[in-house]
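Taken together, the values in this text are just the output of simple stated rules run on the coordinates, not laboratory data. Since we're looking at a predicted model, the values are computed, not measured. Positions of Cβ are generated from backbone atoms using ideal geometry, with glycine treated the same way; all protein chains shown enter the neighbour counts.
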Amino acid sequence: MDRTIIHMDLDTFFVSCERLLNSQLNGKPILVGGTGSRGVVSAASYEARTFGAHSGMPMKMACQLCPEAIVIKGNADTYTKFSKDVTDILKERVPILEKASIDEFYADLSGMDRFFGIYRYASELRQKIVAETGLPISFGLSVNKTVSKVATNEAKPNNQRMIDRGCEKAFLGPLSVKKIPMIGDHTFRRLCNLGLKNIWQLQEMPLEMMESVFGKNGITMWKRANGIDNRPIIEYHDRKSISNERTFGKDTTDIQKLRTSILAMAENLAYLLRKGNKVTSCITVKIRYSDFNTYTKQLHIAYTAADHVLMPKVLELFEKLYDKRLLIRLVGVRFSDLTGGNCQLNLFEATQKSVQLYQAMDHIRNRFGSRMVMRASTFGAKTIGAYTNPFNGEPPIVLAHRTQ
C-alpha cells in the first residue's frame with residue numbers, strides 16, 4: 001500500500017499560547033524563555049524573527065536585536081495543557097499518531113483515501129484544531145516524514161501544503177540543503193564547503209561519495225534529499241521519564257544552594273508523578289561543571305512516588321557525584337522507568353498517616369500551585385517547575401523536614 005504521511009506543527013506554539021491568554025500580545029514581538037542573564041529563547045514570534053531573534057539564541061542577544069520585544073518567562077503547565085488538547089483531538093481522528101514533541105505530530109493516513117479525500121480530510125482536521133483550541137497550526141502531506149515536515153515548514157505560518165506522489169524530488173530540489181531536518185549548522189557548513197548549497201546538488205551527488213565523506217549519515221542525507229524516507233510512524237504512548245534541570249546564573253560551590261535546588265527538583269517531580277498517577281523505579285542525578293564536563297549517576301529502587309523515599313536517594317546520588325573542588329554550572333534530576341497504577345507510594349514504607357499527609361499536600365498543590373506546600377529543606381530554592389501563585393506573593397506553607 002502507498003503511504004500517506006501528514007506532519008502537523010503548531011506555529012510558534014509558546015507564543016500562540018500566551019496570546020490566547022492575553023490578546024494584547026497579538027501583533028507584537030514576543031520572546032518566550034529564560035529571563036536570567038543566561039536565559040535562552042524557547043520561542044520567538046514572527047514579529048521578533050524579522051529582527052533576527054530565534055529559538056535557541058541567548059535571551060540577552062535576542063533583546064539586543066529586538067529591544068521592543070516583550071519577554072515572557074512562560075509556563076510549562078499551560079503549554080502542556082494546550083498540547084494535550086490538540087493531542088486528544090488528533091488521537092480520536094487519525095489511525096496512528098506519533099507525537100514528536102510538545103507541538104509537533106506525525107500521523108499515518110494511508111488507506112484513508114478509500115473512504116475520504118485525504119487532503120480534504122486533513123484540511124478539515126486542521127480547521128477543527130484551530131476552531132476548538134484557537135491555536136494556529138500548519139501541515140504538510142506527502143509519502144513520508146521528511147517530505148511532509150519540509151512541506152509544513154514551507155507552508156507556515158498557519159497554512160497547509162500537499163506534495164503529490166512522484167513530485168518529491170522536484171519539490172525538494174530548489175530548497176537549501178539546510179531544509180533537510182537532520183542537517184544542522186555544522187553539517188550545513190561542511191556541505192557548503194563542498195559546493196552543495198541546494199538540495200538538487202545533493203540529489204546529483206554519487207551515493208558512494210556521500211558515504212565516503214559523511215559515513216552512514218551521508219547515505220541518509222542523500223536518501224532524504226531524494227525524497228526517500230521509510231521511517232515508520234511510532235505510535236504515541238505516555239512518557240517513560242520525567243526530569244528537571246537548573247542552570248545557575250553564576251557557577252557555584254555553595255553546598256547549601258546546591259542541596260536545596262536538587263531537593264526542590266526531586267520534591268516537585270515526585271508531586272508530578274503522583275499527579276499523573278505514576279511511580280518510578282530509576283533515579284538519575286546530573287551535574288555539569290564550569291568546564292562543561294557533565295556526569296550522571298543512576299540508582300534503581302522499588303517503585304515509588306513518595307518524597308520521603310525519593311529525596312534522600314537523590315541527595316545520596318548527588319553527594320557521591322559531587323566534586324567539591326569544582327564550580328558547578330547545572331544540576332538535574334530525572335525519574336525514569338515510569339509505570340502507571342493506583343499504588344502511588346511504596347506500600348512497604350508508607351503508613352496511613354503518610355498517605356493522608358501526601359493526599360492533603362497534593363490537594364493544596366492542585367488548588368494553589370506546586371510550590372504552595374514544600375519541605376523546609378527546599379525552602380528558598382528558585383522556582384522549579386512551579387505553578388503561578390494565585391495569592392500574589394502570599395508565602396507558601398512550609399513543612400518542617402526531619403531526617404528519619
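When you filter the GluC sites (Glu not before Pro) in the stretch 168-236 for DSSP loop state and at most 16 other Cβ atoms inside 10 Å of their Cβ, you are left with Glu204, Glu235. Is the shape of the stretch 170-225 best called rounded, prolate or oblate, per the rule: a/c under 1.5 gives rounded, else a/b larger than b/c gives prolate, else oblate, with a ≥ b ≥ c the square roots of the Cα gyration tensor eigenvalues? Rounded is the answer for the stretch 170-225, as its axis ratio a/c remains below 1.5.
P(r) tail, the stretch 255-332: Cα-Cα pairs separated by more than 17 Å, 43% of all pairs.
DSSP beta bridges fully contained in the stretch 1-164 are about 75 percent antiparallel. Exposure proxy shown here: for Ser142, Ser336, the number of other Cβ atoms within 10 Å sets the order, fewest to most, as Ser336, Ser142. Evaluating 6.51 cos²θ - 1.76 cosθ + 1.60 at θ = phi - 60° for every residue in the stretch 188-194, the Karplus couplings come out as 4, 5, 5, 5, 5, 5, 8 Hz, glycine and proline recorded as x. Restricting the GluC sites (Glu not before Pro) of the stretch 1-87 to loop positions (DSSP other than H, G, I, E, B) with no more than 14 neighbouring Cβ atoms within 10 Å leaves Glu68. Taking every C-alpha pair closer than 8 Å and separated by at least 6 residues, the mean separation divided by the residue count of the stretch 157-252 gives a relative contact order of 27 percent. Between the stretch 234-307 and the stretch 163-211, the alpha-carbon centres lie 39 Å apart.
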